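Contents: one structure, followed by commentary.
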Amino acid sequence: MLMHRPDDHASPAAPDGFRPTASVLIWSGCVALLLCAFLVSLLSGPFPVSLADASSAITHLLSSSEPANNAQWVVAELRLPRALLAALIGAGLGVAGCITQGVFRNPLADPGLIGVSGGAALAAVSVIVLSGFLPLSALTGPVLLPLAAFAGALAVTWIIYRLGTRQGHTQVALMLLAGIAVNVVVGAATGLLTFVADDDQLRDLVFWSMGSLAHGSWPELLALLLFILLPVLLVMRSARLLNALMLGEAVAGHLGFDVQRQRRWLLAAAAMMAGAAVAVAGVIGFIGLVVPHVLRLLSGPDHRILLPLSALTGASLLLLADTLCRVIIAPAELPVGLMMALTGGPVFILLLVRQSRRWL
Amino acid sequence: MSLVLSDITLRAGDQRLLDQVGLTTRPGSRVAVLGPNGAGKSSLLSCIAGERVYQGRITAAGEDTGAWSPAQRARRMAVMPQSLQVTFPVRVWEVVAMGRYPWGDEDSTRQWQQAAMLESDVWHLRDRDYQSLSGGEQQRVQLARVLVQLWQQRQEGGDGCYLLLDECTSSLDPAHQHAVLASARCFAASGVTVLAVMHDTALAASWADHVVLMKQGRIVREGEASLLCDAEVLEQTFDLPPALAGRYACQNGVWLPGPADKA
């Protein structure tokens, strides 16, 4: 039996009974999953690549020398950048979902569902199509697209935030309906733009609507380091605020957080990650919805653990899904966004049913 | 250090939730704020807690509390809200640990957290999902979180610190009501000023050393707890029929701490 000594001045050590749910097992499981997913994605595909080829391709790349054979070239120029892209985008989407769910205090607040990704897609599509008419073509590329997508995502986030939040309380139904409206507008606008688009642009538009990592190469990757990896690392510092927000906006304020300011900047970071992901890979839904939700069931809602695990698991999930999409109908490939929608849709319905008993 | 409220006015649209409220509290005092529904009790607390934008001035030892940063405020003021909705399945000990966020030492003060949980009688619930608890149990968990926020002040002297409790006993059984107020009394004894919004006049009579009676956004009477034994005061404040006011006054008299309690 533990002794109860409230006025104990001795150094407060941890007594029994504070068992964190996230065990070493979950951590190592997530890291192992990511490593495996990465390896599998490097080795699978229509062109056979051995483990030795993959590792020497990476050493060649690091020493910036030419790849020695075709297999190494495939790894260095195609699979490795694509795998890194998938990992970064998956991590960004997982963390962005974790943040929007935490800030809106609702497990259904996924960037894809509330229209944030849609806003980003609309902005990016506009840039692609309109750059043909405006003297912008020199600017389009790995930086302008993410910036435009970020702006689109930010605009939608702001609208949703203003619409759905009254005095710190999020009205879920309103927020989701607003998201539907945004998604409809995005679809219609993309439809309109297809009329004015030429053949090349049409191909791009289709790719936006389905989501794919096929356009991954090193320049995109560098842009994503700035637009995804940086915010992912920065938001880790806000884990405590997201924890405190579980008790409500007022309580987070009582616990010493500048809620309004930090919440705005967290949403901006989420919009940046979701926007950059859309700019490079089109709309890939449900990672932001499913990953934090499943992790919360496994390891509890503590964001100090949830945020990094969402990054790891989001990366693994998209890597595996993308690998599957490349292999399943090789040499053609399935858009990974379709695959995520097919698996994510049912999960979303399951979530809705569970939620309906409590909130909607 | 005294907390001084001068001319606090809080508006919501055309309505005045608080109308030129003035109040001075001594350090270490136990202040009960009472009044009918909609009298502005919770609004008053939220102004002190810095949640609302008000007109007027609130000072602590001459310092304008409106100028405190959220982080500064959280190290001097712990607030227990009337009700709150938790969104995700968080466990009891995790909720209590958040009470140490203002200090950033939630991992190294487990012993204090344990003591606070024992004092609020929720230690046996520490591994439970907060959402699965009853209303009263949830209230006790929140109390433990609030208490642990000022735990070292209670040990080292809490002058200049404030504990704001908004109907913190509303869902509790009688034994827990008095136990909770006994904890609050401990904090006050160390110099922490405790301000509690209450509905139960008998409970207030048994605990407070200063009562503030509010009605329609104004303070109508304030003074010692014996004020609650005055039938006329109760009648006016709560719009009670005279017969009921008399009974309540009588009952509250029984609850006033006698000479034996004070010893």
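Figures for the structure shown
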| read-out | value |
| --- | --- |
| Enumerated helices (runs of 4 or more DSSP H) restricted to region B:108-160, each holding at least 2 residues that are modelled with pLDDT of 90 or more and of a type in the set (A, V, I, L, M) | B:110-119, B:135-149 |
| Cβ pairs under 6 Å, 6+ apart, first in region A:175-195 and without any contact (Cβ under 8 Å) to a residue 12 or more places away in the chain, second assigned to a helix (DSSP H, G or I) and surrounded by 15 or more Cβ atoms within 10 Å (Cβ to Cβ) | A:Thr194/A:Leu205 |
| Residue in region B:40-52 that is surrounded by fewer than 15 Cβ atoms within 10 Å (Cβ to Cβ) and more than 15 Å from the chain's Cα centre (by Cα) present | no |
| Matching entry among B:Arg76, B:Arg110, B:Arg100 (being out of contact with any strand residue (DSSP E or B) (no Cβ under 6 Å at 6 or more places or on another chain) and facing chain A (nearest Cβ under 7 Å)) | B:Arg110 |
| Verdict on B:Ser206 being surrounded by fewer than 21 Cβ atoms within 10 Å (Cβ to Cβ), among the hydroxyl-bearing types (Ser, Thr, Tyr) and modelled with pLDDT of 90 or more | yes |
| Residue in region B:214-231 that is under 27 Å from B:Gly50 (Cα atoms), buried (at least 20 other Cβ atoms within 10 Å of the Cβ) and within 13 Å of the chain's Cα centre (by Cα) present | no |
| Which listed residue, of A:Gly248, A:Gly211, A:Gly253, A:Gly216, is at pLDDT 90 or above and either over 19 Å from the mean Cα position of the chain (by Cα) or farther than 19 Å from A:Ile99 by Cβ (or both) | A:Gly253 |
| Qualifying residue in region A:30-51 (condition: at pLDDT below 80 and under 26 Å from A:Ser299 (Cα atoms)) | no |
| Filter result (buried (at least 22 other Cβ atoms within 10 Å of the Cβ) and either more than 7 Å from every other protein chain (Cβ to nearest Cβ) or among the aromatic types (Phe, Trp, Tyr) (or both)) within region A:239-248 | A:Leu241, A:Leu242, A:Leu245 |
| A:Leu324 assigned to a helix (DSSP H, G or I) and either on the phi < 0 side of the Ramachandran plot or touching a residue at least 24 places away in the same chain (Cβ under 8 Å) (or both) | yes |
| Residue among A:Ala270, A:Ala223 that is touching a Cys at 6+ places or on another chain (Cβ under 9 Å) and either surrounded by fewer than 19 Cβ atoms within 10 Å (Cβ to Cβ) or closer than 21 Å to A:Ala151 by Cβ (or both) | A:Ala270 |
| Any hit, region B:88-105, residues being of a type in the set (A, V, I, L, M), surrounded by fewer than 20 Cβ atoms within 10 Å (Cβ to Cβ) and closer than 26 Å to B:His199 by Cα | no |
| Failed item, numbered, when B:Gln55 is tested on (1) in contact with an Asp or Glu (Cβ under 8 Å, 6 or more places away or on another chain); (2) at the interface with another protein chain (Cβ under 7 Å from one of its Cβ atoms); (3) not hydrophobic (A, V, I, L, M, F, W, C) | (2) |
| Some residue of region B:161-174 being at pLDDT 90 or above, closer than 26 Å to B:Asn37 by Cβ, assigned to a helix (DSSP H, G or I) and in contact with a Lys or Arg (Cβ under 8 Å, 6 or more places away or on another chain) | no |
| Spans of helices (runs of 4 or more DSSP H) in region A:202-270 with at least 3 residues under 30 Å from B:Val146 (Cα atoms) | A:239-245, A:249-254 |
| Residues of region A:37-53 satisfying the condition of being out of contact with any Pro (no Cβ under 8 Å at 6 or more places or on another chain) and touching a residue at least 24 places away in the same chain (Cβ under 8 Å) | A:Ala37, A:Phe38, A:Val40, A:Ser41, A:Leu42, A:Ser44, A:Gly45, A:Phe47, A:Val49 |
| Test: residue in region A:304-319 that is facing chain B (nearest Cβ under 10 Å), buried (at least 24 other Cβ atoms within 10 Å of the Cβ) and in contact (Cβ under 8 Å) with a residue 40 or more places away in the chain | yes |
| Extreme residue, surrounded by the most Cβ atoms within 10 Å (Cβ to Cβ), among residues of region A:282-298 that are part of a helix (DSSP H, G or I) and at pLDDT below 85 | A:Leu298 |
| Tally, over region B:130-162, of residues that are within 11 Å of chain A (Cβ to nearest Cβ) and surrounded by fewer than 16 Cβ atoms within 10 Å (Cβ to Cβ) | 3 |
| Residue match in region B:193-202 (condition: buried (at least 16 other Cβ atoms within 10 Å of the Cβ) and assigned to a helix (DSSP H, G or I)) | yes |
| Qualifying residue in region A:53-71 (condition: crowded, with 23+ Cβ neighbours inside 10 Å and of a type in the set (Val, Ile, Thr)) | no |
| Matching residues, region B:113-126, being in contact (Cβ under 8 Å) with a residue 12 or more places away in the chain and either on the phi > 0 side of the Ramachandran plot or more than 7 Å from every other protein chain (Cβ to nearest Cβ) (or both) | B:Gln113, B:Ala116, B:Met117, B:Ser120, B:Asp121, B:Val122, B:Leu125 |
| Residue match in region B:62-71 (condition: within 30 Å of B:Asp7 (Cα to Cα), at the interface with chain A (Cβ under 7 Å from one of its Cβ atoms) and surrounded by 16 or more Cβ atoms within 10 Å (Cβ to Cβ)) | yes |
| Test: A:Leu213 is touching a Lys or Arg at 6+ places or on another chain (Cβ under 8 Å) and over 30 Å from B:Ser46 (Cβ atoms) | yes |
| Evaluation of A:Thr100 against (1) within 14 Å of another protein chain (Cβ to nearest Cβ); (2) surrounded by fewer than 22 Cβ atoms within 10 Å (Cβ to Cβ) (one fails), failing number | (2) |
| Cβ pairs under 6 Å, 6+ apart, first in region A:277-302 and within 11 Å of another protein chain (Cβ to nearest Cβ) and closer than 18 Å to A:Leu319 by Cβ, second part of a helix (DSSP H, G or I) and not charged (D, E, K, R) | A:Pro292/A:Gly97; A:Pro292/A:Cys98; A:Pro292/A:Gln101; A:Pro292/A:Ser310 |
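The values are calculated or read from the model by the stated rules, or taken from the named source; none is laboratory data. Please read all numbers here as calculations on a predicted model, not as lab measurements. No Cβ is skipped: glycine too gets one built from the backbone with ideal geometry, and neighbour counts run over all protein chains shown.
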